[in-house]
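The values are calculated or read from the model by the stated rules, or taken from the named source; none is laboratory data. From a predicted model like this one, the values you see are computed outputs, not experimental measurements. Here the Cβ positions follow ideal geometry from the backbone for every residue, glycine too, while neighbour counts run over all protein chains shown. These area figures cover heavy atoms from the full protein model, side chains too; ligands, DNA and RNA do not enter into them. Shrake-Rupley method; radii C 1.70, N 1.55, O 1.52, S 1.80 Å.
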Amino acid sequence: MKQFKTESKKLLDLMINSIYTNREIFLRELVSNASDAIDKLVFKSLTNNDAAIDRDSLFIQVAFDKDARTITVSDNGIGMTQDELDKNLGTIAHSGSQQFKQENDANSEVEIIGQFGVGFYSAFMVASKVRVISRAFGSDEAFVWESDGVEGYTIKPATETEAKLLGEHGTSVILYLRESSEAFNTDQLLSEWRLKELIRTYSNYVHHPIKMEVSKRRQLPKPEDAGDDYKPEYESYLELETINSIKPIWRKNKSEVSQEDYNEFYKSTFHDWSNPTRTISFHAEGRISYDGLLFIPSMAPFDLYSKDYEKGLALYSSNVLIQEKCADLVPDYYNFVRGVIDSPDVSLNISRETLQQDSQLKAIARHVEKQIHTDLVKMRNEDREAYEKFFENFGRGLKFGIYATYGMKAGELADLILFWSARESKMVTFAEYIAAMAEGQDKIYYAAGDSRDRLSKTPAVKNALDHGFDVLLCTADVDEFMLQAMMRYHVAGTPADDDHEATEDRDLEFVNIATAGLDLASEDEKQKAEEATTENRSLLDAIKEALSEKVSDVRIAASMGDAPAQVAAEGPISLDMERVMAAEFDGETQGMPRAMRVLELNANHPVFAKLIAANTDNDTEKLALYAGVLLDSALLVAGLPVEDPVAFAENVGKLM
Ligand code: ADP
């Protein structure tokens, strides 16, 4: 007896007891191996003219024997030589399929499932002994590999009877089932309906027929001499029947497939635990024909935003996998979409490089993008709750799409974006924000910072709400950069109808609420502020002097609610963009672009009277102390760091 190689024993134990939580998947593994074996044979016959085979004769068979307590999975695929039996089944984690792909550079041309070299051993989860009879294509000798999955295995030439079990080539894997235990009931496997059920659950779309002998009943012909009291008689017989649907699910029309089938296909193909939140199926015929089946996952994969994440759709041509992840089929901002595109018009022979230039592929990609967009709009309109969840998972990518294309994609993507409305306390689209705008409002106001809660308490946001303007709260790093890339939101005009007058196209500018000198106040408030400014010119100058480099100006704000002061920014860089960039620059603040700060004062606040008093007394020291504390507190409120926290604390102490 040969011993399993290297760490195989430990691995085998691990396999049987831990890798799979679900023992019934052994059948899927064996069927996948059988399907791979058929694919390899087909591949061989394509690349080697001598190996002509009848493709229609190739199939997988699953059988069971209740008395002997065996399940057999057979195929008339490529088979294994004695040496291959030894290498492939004697070394755990050695994948002959992987090797086949490498040696034949067949990665792109055959749809081979195996790659890890462990699936076969899942048989030992249900079997105490496994016997593999195999005859390699073109060989006249068959061999039998046998193991109890513990110590080792033997390989012997097959007896004549054993060899007869196989056709001219192929493999039969016979499982001798374990006794039923509390952990797993093996008895139930020995039934036609249960095996059928397992095949349909796990292997329905294996693209070769999986057949079983199923029992049928037929009525016997009525004997000629049958009397009046004749009762029909029946006999049962066995018939080989194809169990799986073979036809790839993406070829089928949506009406032919249940959502459960789609879910099962999605989960098993794309290795997700949860059902997809959307399933998009489409078929195009014409100059370029293709079938597409796309899924939007319900959760973002953990590595979605990491460098290692690979986007792309599986690209098939007439059932043959060309590329597992064809990145050119989806734009970056839809990188979360998984699925399959199958087109006979994508030539099989083109290499990966030329594939990228392929005009058919580009045309398909454009269509794919449209399909995804349409479906997202539909979800937003029809299932808002699901959409908001989707947006939580994948919204960041959509925003990046606008930012990274310098706003060029805003036309398509802007209406998929949601922001938190400070007034409505819920997520809204730009269109919804605009629909709820007050008469005369011609800008979209937003506030940017690190938390919704903090933002909604800032004097600037409160003030805007008090004046009847809603504010979108932007808390993701990309948000403000995206809005700046867009600059404006375009509202298309509408023609007149019975109830409404025609409206013209208009573009609404995005405005950060923390912009210096923002014009939200009433005429009355503005006039008062102007008067106060003229009256207190010397005070404002003195404060500016005291704060020297820290601010570019000190002004009286026309309206500010009940805060004594706030910082606002002037110029292209907002305070929050500075915060985001500081995080990017990671402490290396030298050379980093900074926001120009303006300290805005509230002339109606009691603190303002104190400032006037200090200035009238010519007490520069006190004024500097007040100004410093005011600025630092305003920075803290805005979520920005104070330059010198120790000095700030000392100043507060002095004041007290
Ligand atoms: P994987 O399928 O991931 O490669 P397995 O442990 O399931 O790993 O199988 C190991 C290897 O044994 C396969 O790669 C393949 O070379 C070979 N093999 C298994 N089953 C068959 C079969 N029915 N016909 C031909 N070769 C097979």
Gyration tensor on Cα atoms of the range 386-512, a ≥ b ≥ c root eigenvalues, a/c under 1.5 rounded, else prolate if a/b beats b/c, else oblate, says oblate
SASA check, Thr154, accessible area w/ 1.4 Å probe, all protein chains in place, rounded to nearest 10 Å², comes out at 40
Simple spin-label estimate for Asp541/Asn275, 7 Å along Cα→Cβ, in nm, reads 7.3
With +1 at each Lys and Arg Cβ and -1 at each Asp and Glu Cβ, the charge dipole magnitude of the range 249-382 around its Cα centre, to the nearest 20 debye, comes out at 300
Measuring from the longest principal axis of the C-alpha atoms of the chain, the long axis of helix 606-616 (C-alpha) lies at a number of degrees, nearest 10, equal to 50
For the chain, the dipole about the Cα centre with charges only on Cβ (Lys and Arg +1, Asp and Glu -1), to the nearest 20 debye, works out at 1440
Other residues with Cβ under 14 Å from the Cβ of Asp261 give, with Lys and Arg +1 and Asp and Glu -1, a net charge of +2
Checked against the positive end of the charge dipole of the range 523-655 (+1 on Cβ of Lys and Arg, -1 on Cβ of Asp and Glu, about the Cα centre), the farthest of Pro641, Ser538, Ala558 is Ser538
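Pairs of Cα atoms under 8 Å, at least six residues apart: use those to get the relative contact order of the range 453-539, whole percent. Present the calculation step by step, with values, prior to reporting the outcome.
Values: 54 pairs, mean separation 19.4, N = 87.
The value is 22 percent.
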Tilt, helix 537-547 to longest principal axis of the chain (alpha-carbon atoms), in degrees rounded to tens, equals 50
Rounded to one decimal in nm, the spacing of the 7 Å Cα→Cβ label points at Arg488 and Ser522 is 3.1
Tilt, helix 620-637 to longest principal axis of the chain (alpha-carbon atoms), in degrees rounded to tens, equals 20
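Given a cut-off of 18 Å, what percent of all Cα-Cα pairs of the range 169-261 lie beyond it?
Working: 2869 of 4278 pairs.
That tail contains 67 percent of the Cα-Cα pairs.
Relative contact order for the chain: what percent, with Cα pairs under 8 Å and sequence separation of 6 or more?
Values: 1114 pairs, mean separation 48.4, N = 656.
Worked out over the chain, it gives 7 percent.
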Projected onto the charge dipole of the chain (unit charges on the beta-carbon of Lys, Arg, Asp and Glu, signs +1, +1, -1, -1), the Cα from Gly395, Gly119, Ala569 with the largest positive-side position is that of Gly119
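Please compute the contact order of the range 43-85 in relative form: average sequence separation of alpha-carbon pairs under 8 Å and at least six residues apart, divided by the residue count, as a percent. Intermediate values should be presented prior to the final figure.
On the way: 29 pairs, mean separation 11.6, N = 43.
Averaging sequence separation for qualifying contacts and normalising by length gives 27 percent for the range 43-85.
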Taking a straight Cα-to-Cα line shorter than 16 Å from Lys311, and setting aside same-chain aspartates and glutamates fewer than 8 residues away, one finds Asp272, Asp303, Glu324, Asp328, Asp332, Glu369
Probe 1.4 Å, heavy atoms of protein chains only: per residue, the accessible area of the chain in Å² is 52
Given unit charges at Cβ for Lys, Arg (+) and Asp, Glu (-), the dipole magnitude of the range 523-655 about its Cα centre in debye, nearest 20, is 180
Treating every alpha carbon of the range 247-334 as one equal point scatterer without solvent, the Debye formula yields log10 I(q)/I(0) values at q = 0.17, 0.18, 0.26 Å⁻¹ of -0.80, -0.90, -1.62
Kirkwood radius from Cα pairs of the chain plugged into Stokes-Einstein at 4 °C, 1.567 mPa s, gives D in µm²/s equal to 42
